[in-house]
Amino acid sequence: MPLVFYNTLTKKKERFRPRRDREVRMYNCGPTVYDYAHIGNFRSYVFADTLRRYLEHRNYKVLQVMNLTDVDDKTIRGARREGLTLREYTDRYAKAFFEDIKALNILPAKSYPRATEMIQEMVEFIKVLIKKGHAYRGEDGIYFDISSFPSYGKLSGIEIKNLKAGARVRQDEYDKENAQDFALWKFWDENDGDVYWETEFGKGRPGWHIECSVMSMKELGTLDIHTGGVDLIFPHHENEIAQSEAFLGKPFVKYWMHNEHLLVEGRKMSKSLGNFFTLRDLLKKGHDPMAIRYLLLSAHYRAKLNFTENALRSAENTVNRLRRFVEDLSFYSSKRKNNPAIEKAIRKAFQGFERAMDDDLNVPEALPFLFDFVSEVTSLMNSGEMSSADARKAYEAMMDFNFILGLDLNRIAREAKRESVMLGGREFRIRYSGIEIDEEIKQKIIERERFRLSRQWKEADRIRESLRRKGIVLEDEDNGVKVSRD
Ligand SMILES: [Zn+2]
């Protein structure tokens, strides 16, 4: 089954064929560093990360670039409000952004260019547009002439025939009704304060849209994939196409991929409704970042995602269940013969999972294959009908799924504590699953094992019961015991 993606440009699913064999050049519109990113923003970044992980799983080499917009109308407004330099102000939110994506286990991109570090490249780019007749000098800036680019509107589907010739929009964000010539370069005015660059255009600064055209091309050349949220289709991406293709004289991006909005408790996120969350807000409330990631990726990226407290709790349960499974596999030990059912289950899980993911990254259709696999192997493990080698194979399969989903599922297994005690001439292993216990309880566990070795079942059970009343659960394993909390 070939890999297909829905392309916003052609409005259909297309077979994925990057320009260079097995190498993908992907650009993701990154954060405007004027505030803490909210979970709707993180939906975009988790989507881009899942896409990259899946392409890597499919043996593509992915060159991924994500920009930081650190000069635009919003960053300048914020810096002036707080009396900081633009750099001081944007550094604060850039730092927070990198902490946040790390918490969400998002793989680092190849580079994170900052707009303020490519000003000269932007000037050169705009000079070419002027020379080619696509841009002109207005009274307050340099503008892109959309009538010079006949396919303007091809991404967002807007019609431009009703436009007033020469009508211009200076601000970075505007809606479809105001489609008109847009600012590539803004001459300084007092609202910009001390934010300006002295260039051959005079004192000024770039418009938002030109930044992404220049940063993406400088880092990657033409692109195979460009991603962003649906709210960026117009005007941002429409304008990126116009500038870049006018500059290049050829197509700029092969596949445009956009993720849908995120709703919170069924409504559009907004500060006034009190349903506006940054990642930090959720982490402060004690939510598990991997559950947040799971919830963000579990819906299809082209469907609206309703982020609710209930859904988050259920994501937490799911992630914990997957972690426990990985942990159990990593400690499973048995001298049984290999069970052919394991390899069969692995094959079936990957076939189903990949078939769904190959079809425009259909995560919600892929996940049930993972859960079926978990149930099947769990029941073989519980009934002891598999070998240690089978457990290792199942563990490796889980690590492949874990790479694609990015849920850090083996963290607990990695950190799990265990110790061994010699009892009756053999090794008795105690493993602590997400629990710390004191010496007294450890001695009780050993005492219970001594009773078991001498077949004093009643006494052994009495200790187990007394621990259970304290919320400590003992589960016997092949050569030891697992200790966890109720
Ligand atoms: Zn952008």
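Read-outs throughout are calculated quantities, based only on the coordinates presented, and are distinct from any laboratory measurement. Since the model is a prediction, treat every value here as computed from it, not as a measurement. All Cβ positions, glycine included, derive from the backbone under ideal geometry; neighbour counts span all protein chains shown.
If we restrict to alpha carbons, what Rg and Dmax does segment 164-211 come to, in Å?
Expressed in Å, the Cα Rg and Dmax of segment 164-211 come to 11.9, 34.
Relative contact order for the chain using alpha-carbon pairs under 8 Å, separation at least 6, rounded to a whole percent?
Reported as a whole number, the value is 15 percent.
Taking the convex hull of the alpha carbon atoms in segment 61-203, what volume per residue do you get, in Å³?
Output value, Cα hull per residue: 161 Å³.
May I ask you to order 190-197, 223-230, 260-267 by the average number of other C-beta atoms within 10 Å around their residues, highest value first?
Peptide ranking by packing, descending: 223-230, 260-267, 190-197.
Work out how far the C-alpha atoms of segment 416-485 reach from end to end along every principal axis, then list the three figures in whole Å, largest first.
Between the extreme Cα coordinates on each principal axis of segment 416-485 lie 29, 24, 21 Å.
If you take the charge dipole of segment 37-144 about its Cα centre, with +1 on Lys and Arg Cβ and -1 on Asp and Glu Cβ, which of G78, L51, Y93 is farthest toward its positive end?
L51
Quick one: Karplus J couplings for segment 309-319, per residue in order, coefficients 6.51, -1.76, 1.60, θ = phi - 60°, nearest Hz, x for Gly and Pro?
Here the 3J(HN,Hα) series is 4, 4, 5, 5, 4, 5, 5, 4, 4, 4, 5 Hz.
So how do 377-387, 402-412 stack up, highest first, on mean other-Cβ count within 10 Å?
Ranking the peptides 377-387, 402-412 by packing returns 402-412, 377-387.
If each residue's Cβ is checked for other Cβ atoms within 10 Å, how do R450, R464 rank with the fewest at the top?
Sorted ascending by nearby Cβ count, the order is R450, R464.
Quick check: convex hull of the Cα atoms in the chain, volume per residue, rounded to a whole Å³?
169 Å³
Read phi for every residue in segment 57-66 and hand back ³J(HN,Hα) as whole Hz from Karplus 6.51 cos²θ - 1.76 cosθ + 1.60, θ = phi - 60°, with x for Gly and Pro.
Whole-Hz 3J(HN,Hα) from phi for segment 57-66: 4, 7, 6, 9, 8, 10, 9, 10, 10, 10.
Seen from all sides and averaged, what is the projected area of the convex hull of the Cα atoms in segment 220-284, in nm²?
6.3 nm²
Using the Cα centre of the chain as origin and beta-carbon charges of +1 (Lys, Arg) and -1 (Asp, Glu), tell me which of I412, V230, N28 is placed farthest towards the positive end of the dipole.
Checked the options; the winner is I412.
Inverting the mean 1/r over all pairs of different Cα atoms, compute the Kirkwood radius of segment 183-303 and quote it in Å.
Result for segment 183-303 stands at 17.7 Å.
Would you mind putting 431-437, 337-343 in packing order, based on average other-beta-carbon counts within 10 Å, highest first?
Result, highest mean first: 431-437, 337-343.
How large, in Å, is segment 4-259 by the Kirkwood hydrodynamic radius built from its alpha-carbon pairs?
Here the Kirkwood hydrodynamic radius works out to 18.7 Å.
Counting other beta carbons within 10 Å of each residue's own, what order do V483, V65 fall into, fewest first?
So the residues, fewest neighbours to most, are V65, V483.
Hey, if you drop one equal point scatterer on each alpha-carbon of segment 279-414 and run the Debye formula without solvent, what base-10 log of I(q)/I(0) do you get at q = 0.09, 0.14, 0.22 Å⁻¹?
-0.29, -0.67, -1.34
For the chain, what is the calculated [θ] at 222 nm in deg cm²/dmol (nearest 500), taking -39500 (n - 2.57) for each run of four or more DSSP H residues and dividing by its residue count?
Counting only the DSSP helices, I get -14000 deg cm²/dmol.
HN-Hα J couplings of segment 348-356 from phi, Karplus 6.51/-1.76/1.60, θ = phi - 60°, integer Hz, Gly and Pro as x?
Coupling constants for segment 348-356: 4, 4, 5, 4, x, 4, 5, 4, 5 Hz.
Take the alpha carbon atoms of segment 202-240, find their center, do the same for segment 416-463, and report the distance between the two centers in whole angstrom.
Between the Cα centres of segment 202-240 and segment 416-463 lies a distance of 62 Å.
Counting other beta carbons within 10 Å of each Cβ, put S330, S111 in order, fewest first.
S111, S330
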